[in-house]
Amino acid sequence: ELPSGMEELFDSFAKKVSTLTSAEHRIFNYYMDGYEISEIPDLAFISIHTVKKHNHSIYQKLGVASRDELMLYIELFRCCDRLEELTDVQEETELS
C-alpha cells in the first residue's frame, strides 16, 4: 500500500509522460535505461545541443527542475515495480 497522495503522484507523472513527443520519449527512454546525458548524443545520433533542448522540454512537461529530480521519479516507479506504466504510456501514445 502506498502512502497517502502517492497514487495521485504516480498517476499525474505518468499522464505527463504521455504528453512527450516521440523524440522526447526516446530521450526519456535513455534515462530510464540509465544512460547519462553525455552518452545520449552518440546513441540517438543527435548533438548535445539537441539533447539539452529536449531535456528542457521534458523537464517543463513533467514538472521537474533537473535530471536528478527526473531520475528520482523514475527510481520511485522502479522501486514500486511500476516502471512499465511509463513504458505503456509511451507505447500507447506512439500507436495513436
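Applying the Karplus parametrisation 6.51 cos²θ - 1.76 cosθ + 1.60 with θ = phi - 60° to the phi angles of region 56-65, what ³J(HN,Hα) value in whole Hz is obtained for each residue in order, glycine and proline being reported as x?
4, 5, 4, 4, 4, 5, 8, x, 10, 9
If you compute Cα extents along the principal axes in Å for the structure shown, which of [x] 42, 30, 21; [y] 36, 31, 19; [z] 61, 35, 19 do you land on?
Answer label, from the structure shown: [x].
Excluding ligands, DNA and RNA, what is the solvent-accessible area per residue of region 1-84 at a probe of 1.4 Å, expressed in Å²?
With the other protein chains kept in place, region 1-84 gives 59 Å² per residue.
Could you list the chymotrypsin sites (Phe, Trp or Tyr not before Pro) in region 17-46 that lie in coil according to DSSP, counting only those with at most 12 other Cβ atoms within 10 Å of their Cβ?
When the chymotrypsin sites (Phe, Trp or Tyr not before Pro) of region 17-46 are filtered for loop state and at most 12 Cβ neighbours within 10 Å, Phe45 remain.
Report, to the nearest whole %, how much of the accessible area of region 1-61 belongs to carbon and sulfur atoms, 1.4 Å probe, protein only. It would help to have the intermediate numbers written out before the result.
Numbers: 1990 of 3690 Å².
Summing carbon and sulfur atoms, their accessible area is 54 percent of the total for region 1-61.
The values are calculated or read from the model by the stated rules, or taken from the named source; none is laboratory data. Just so you know, these numbers come straight off a predicted model, no measurement behind them. In this analysis, Cβ positions are derived from the backbone assuming ideal geometry, glycine residues included, and neighbour counts consider all displayed protein chains. To get the accessible areas, we keep the full protein, side chains included, count just its heavy atoms, and leave off ligands, DNA and RNA. Shrake-Rupley method; radii C 1.70, N 1.55, O 1.52, S 1.80 Å.
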